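The values are calculated or read from the model by the stated rules, or taken from the named source; none is laboratory data. Keep in mind that this is a model prediction, so the values were computed, not measured. Methodologically, a virtual Cβ is constructed for each residue, glycine included, from the backbone with ideal geometry; neighbour enumeration extends over all protein chains shown.
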Amino acid sequence: MRAPTVVVVVACALSSCAKQLPARWIDPTTQMSFALIPAGEFVAGSPTTEAGHQDDEVLYPVRLARPFYMASHEVTRREWAAVVTPGEAVDGDGDLPMVNVNWHEARSFLDRLNSAAEARFRLPSEVEWEYACRAGTTTPYSTGPLLSTDEANYNGESPLNGQSAGANRKTVVRVGSFPPNAWGLFDMHGNVWEWTNDGYDQDRKVIRGGSFRFNAESARCALRYHHRPQDRGDSLGLRLVRDLTPEETLR
């Protein structure tokens, strides 16, 4: 269980620098779109009264003192191929999220991408992911207290208390099939789980966001799930973060 403590992520003296940075940035190698996530504060975790609350969702304050860029979508098959097999045809629908990727393969993808880029890409930390998912909200979902299957791709057959049953699509859908959150991020709820860079314990890594195989509980902003870094799955993918360059930090 996480201890309730103040976490400060990447100190920056210029907390207002986000105002001069472009709201969108496109990676020239993959054409991956990134949204600017502003610096700010939030409370991570969930209250014990929240439907689906887990014991490891202890509430604690977090301050992110520097803005960062987060990919607007989960990494797609097309974007993966552009880095891993450049010049080759994409296997299947290129706009579907890349899945069956373990944590080590995600890191290898990042190493390849970083070797040819001026910017530095990485997996998000757990608190960065939750902060970006919430997009300034304090409710279980960025959509409010409830989430429908018209707003996200999750298994709607077993709703939480107060929620209505919905669709069970039983598969991934194209990224961006549902409206984005207030910060321009798509599919932060459902579709595929997303690796983070943080460990849940000595043997497992934290994954976030839920997937098409799990119910609305899994898609809550605060839900922490985990897999061994060698694990793969047809609902397990990734989303990238790009750090600010030194020049951007000084703006």
Quiz item: Residues in region 84-92: is at least one free of Cβ contacts under 8 Å to residues at least 60 places away in the same chain and buried (at least 21 other Cβ atoms within 10 Å of the Cβ)?
Solution: no
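Take the residues in region 72-82 that are out of contact with any Ser or Thr (no Cβ under 6 Å at 6 or more places or on another chain) and not hydroxyl-bearing (Ser, Thr, Tyr), then tell me which one is farthest from residue 192 (Cα to Cα). Walk me through it before giving the result.
Restricting attention to region 72-82, the residues satisfying the condition of being out of contact with any Ser or Thr (no Cβ under 6 Å at 6 or more places or on another chain) are 73-78, 80-81.
With not hydroxyl-bearing (Ser, Thr, Tyr) added as a condition, the list becomes 73-75, 77-78, 80-81.
Details: 73: 11, 74: 8, 75: 10, 77: 13, 78: 16, 80: 15, 81: 18 Å.
Among residues in region 72-82 that are out of contact with any Ser or Thr (no Cβ under 6 Å at 6 or more places or on another chain) and not hydroxyl-bearing (Ser, Thr, Tyr), the one farthest from residue 192 (Cα to Cα) is 81.
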Quiz item: Got at least one residue in region 85-95 being modelled with pLDDT of 95 or more and farther than 19 Å from residue 176 by Cα?
Solution: no
Exercise. Within region 83-103, track down each residue that is small (Gly, Ala, Ser) and at negative phi.
Key: 89, 94
Exercise. Would you check if there is a residue in region 57-68 being under 15 Å from the mean Cα position of the chain (by Cα) and among the hydroxyl-bearing types (Ser, Thr, Tyr)?
Key: no
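Just the residues that are aliphatic (A, V, I, L, M) and in contact with a Leu (Cβ under 7 Å, 6 or more places away or on another chain), please, taken from region 149-190. Working first, answer last.
Step one: list which residues in region 149-190 are aliphatic (A, V, I, L, M), which gives 152, 160, 165, 167, 172-173, 175, 182, 185, 188.
172, the sole residue that qualifies.
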Quiz item: If you go through region 17-57 one residue at a time, how many are assigned to a loop (DSSP other than H, G, I, E, B), touching an Asp or Glu at 6+ places or on another chain (Cβ under 7 Å) and either hydrophobic (A, V, I, L, M, F, W, C) or surrounded by fewer than 20 Cβ atoms within 10 Å (Cβ to Cβ) (or both)?
Solution: 3
Quiz item: What single numbered condition from (1) in contact (Cβ under 8 Å) with a residue 40 or more places away in the chain; (2) surrounded by fewer than 22 Cβ atoms within 10 Å (Cβ to Cβ); (3) closer than 17 Å to residue 54 by Cβ fails to hold for residue 208?
Solution: (2)
Quiz prompt | Answer residue from region 129-179, given it is in contact with a strand residue (DSSP E or B) (Cβ under 7 Å, 6 or more places away or on another chain) and basic (Lys, Arg) and is nearest to residue 66 (Cα to Cα) among those | solution = 134
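For every residue, the table says whether it meets (1) aromatic (Phe, Trp, Tyr); (2) farther than 19 Å from residue 35 by Cβ; (3) over 15 Å from the mean Cα position of the chain (by Cα); (4) part of a loop (DSSP other than H, G, I, E, B).
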| residue | (1), (2), (3), (4) |
| --- | --- |
| 70 | no, no, no, no |
| 73 | no, no, no, yes |
| 92 | no, yes, yes, yes |
| 100 | no, yes, yes, yes |
| 106 | no, yes, no, no |
| 117 | no, no, yes, yes |
| 124 | no, no, no, yes |
| 129 | yes, no, no, no |
| 149 | no, yes, yes, yes |
